[in-house]
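Everything below concerns the one structure shown next.
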Amino acid sequence: MSRKRIVFFVTSLQSGGIENYLLRFIRMFSTEFEKITVFCKSGQGGQLENQYLEFKNVSIVKRKIGYYSLNDYKYLHKFFSINDYTGICDFTGNFAGLIQLIAKYNKIDKRITFYRNSSNRFKGNRLKNLYNAFSNGLTYRYSTKILANSKAALDFYFPNKWIGKSKFSVIYNGVSANDFVNTNGDLRLELGIPQDAFVVGHTGRYNAAKNHRTILSVATELTRSFSDIYFIMCGNGVKINLSEEVNSKGLTEKIKLFENRSDISKFLNTMDCFYFPSLTEGQPNSLIEAMISGLPIVASDIAPIKETMPNSFHNSLVSPLDSDRAVLEILKIYNGHERRSGLKNWAISKFDASELFRDFYEQL
């Protein structure tokens with residue numbers, strides 16, 4: 001067995017893009033490591049804990065690491081020295097800076113920071129912006145390798161620094177096509193949706209970046225105007241945060257909301273169109289999964305999504321907040337005027353899990 005002993009830093013193990021990406025990687029490459037530790041920096045685990053612990057060489061540490069706590073970083077120094085890791089990979093972007101510094105001090109040879117967003121996910125103020133810039137500098141200096149799942153991310157966090165430098169690499173998300181192309185049946189009967197209905201859907205946790213308010217605006221207009229159009233959405237926080245508004249509109253039978261689901265392939269198979277108007281992304285697993293499932297796509301025209309789709313489809317992308325244009329694009333699909341065919345085979349090839357996870361493994 002390999003002597004690689006790796007610790008991955010994440011915020012938590014709630015179901016999300018980073019957490020599912022790492023779980024899929026471990027499923028494919030767990031036997032290549034002597035020891036894998038998943039360190040939850042928020043001090044909390046989440047929905048995916050048990051799936052991670054199915055692997056005998058995987059352990060989970062839940063210990064809050066504060067941004068300004070000297071005691072927390074003393075703890076990390078001791079934690080590194082006890083465990084004798086050969087490598088560290090931090091998925092929290094700029095917030096990896098101090099951790100990479102301590103890892104360097106503990107003589108951990110491979111110190112990787114993996115950026116999974118293409119912009120900051122916090123509202124800045126003077127103190128936060130100063131800390132962010134400080135930590136970005138530490139990340140740049142003390143990481144031996146900086147990865148991102150989009151060029152847009154490196155353009156944002158390291159403008160004019162990364163192009164042509166071996167320290168930086170882009171590794172796109174890997175998705176196993178077999179999880180999505182061999183799905184039989186759908187959930188229409190279970191969800192109370194007629195078989196001949198036109199179903200528009202979205203997958204992704206409730207978050208300002210996911211732009212659920214625009215999704216709801218589009219869903220309201222379409223479901224009120226067309227008796228055979230339904231919307232389905234799922235993800236952590238979706239039902240909790242949107243149910244009251246959907247109820248107040250009297251649309252609970254036409255706009256169906258769910259929390260995190262384990263049957264995403266069948267959920268996608270229930271749709272006729274996938275709507276994804278994110279304001280910002282790293283590289284969206286949800287969009288890739290929808291493309292691999294063969295769904296027509298209506299998505300926002302932000303740089304990371306353009307990077308995730310072939311150039312020939314860029315003209316059909318819409319501004320994230322342009323609900324009127326989104327309605328028109330969805331109706332093109334509804335009316336059969338534009339099926340956006342050709343994405344399935346392209347996405348299967350472009351985001352091949354075995355190849356892309358191998359690229360990631362070789363960095364570790």
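The values are calculated or read from the model by the stated rules, or taken from the named source; none is laboratory data. Everything numeric here is computed off the predicted structure, so don't read it as measured data. All Cβ positions, even for glycine, are placed from backbone atoms using ideal geometry, and neighbour counts span all protein chains on display.
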Checklist outcome for this item: The residue from 88, 36, 60 that alone is β-branched (Val, Ile, Thr) and more than 18 Å from residue 364 (Cβ to Cβ) is 60
Next on the checklist: Step by step: first the residues of the range 107-133, then only those that are modelled with pLDDT of 90 or more and surrounded by fewer than 19 Cβ atoms within 10 Å (Cβ to Cβ), then the one that is nearest to residue 78 (Cα to Cα). Which residue is that?
Outcome noted: 107
Next on the checklist: Can you report the number of residues in the range 282-304 which are closer than 20 Å to residue 216 by Cβ, assigned to a helix (DSSP H, G or I) and hydrophobic (A, V, I, L, M, F, W, C)?
Outcome noted: 2
Checklist entry - Which residues, counting only those in the range 209-229, are under 15 Å from residue 247 (Cα atoms), out of contact with any Asp or Glu (no Cβ under 8 Å at 6 or more places or on another chain) and either aliphatic (A, V, I, L, M) or not in a helix (DSSP H, G or I) (or both)? => result 219
Checklist entry - Picking from 84, 179, which residue would you name as being acidic (Asp, Glu), touching a residue at least 60 places away in the same chain (Cβ under 8 Å) and closer than 24 Å to residue 281 by Cβ? => result 179
Checklist entry - Given the structure, is residue 154 farther than 20 Å from residue 292 by Cα, crowded, with 17+ Cβ neighbours inside 10 Å and not aromatic (Phe, Trp, Tyr)? => result yes
Checklist entry - Do we have any residue at all in the range 272-281 that's under 30 Å from residue 194 (Cα atoms), assigned to a helix (DSSP H, G or I), within 17 Å of the chain's Cα centre (by Cα) and in contact (Cβ under 8 Å) with a residue 12 or more places away in the chain? => result no
Next on the checklist: Looking only at residues that are free of Cβ contacts under 8 Å to residues at least 24 places away in the same chain and among the aromatic types (Phe, Trp, Tyr) in the range 158-176, which one is farthest from residue 93 (Cα to Cα)?
Outcome noted: 162
Checklist entry - Only one of (1) surrounded by 13 or more Cβ atoms within 10 Å (Cβ to Cβ); (2) touching a residue at least 12 places away in the same chain (Cβ under 8 Å) fails for residue 72. Which number is that? => result (2)
Item to check | Evaluation of residue 65 against (1) in contact (Cβ under 8 Å) with a residue 40 or more places away in the chain; (2) surrounded by 16 or more Cβ atoms within 10 Å (Cβ to Cβ) (one fails), failing number | outcome: (1)
Checklist entry - Does any residue of the range 333-340 turn out to be in a helix (DSSP H, G or I), in contact (Cβ under 8 Å) with a residue 24 or more places away in the chain, farther than 28 Å from residue 113 by Cβ and not charged (D, E, K, R)? => result yes
Item to check | Residue that is nearest to the chain's Cα centre (by Cα), among those in the range 235-245 that are surrounded by fewer than 22 Cβ atoms within 10 Å (Cβ to Cβ) and not basic (Lys, Arg) | outcome: 236
Checklist outcome for this item: Counting only residues that are crowded, with 20+ Cβ neighbours inside 10 Å, among the hydrophobic types (A, V, I, L, M, F, W, C) and assigned to a helix (DSSP H, G or I), the range 308-326 contains a total of 1
Checklist outcome for this item: Matching residues in the range 252-292 (surrounded by fewer than 18 Cβ atoms within 10 Å (Cβ to Cβ) and not small (Gly, Ala, Ser)) number 9
Checklist outcome for this item: The residue from 203, 214 that alone is surrounded by 22 or more Cβ atoms within 10 Å (Cβ to Cβ), in contact with a helix residue (DSSP H, G or I) (Cβ under 6 Å, 6 or more places away or on another chain) and touching a residue at least 40 places away in the same chain (Cβ under 8 Å) is 203
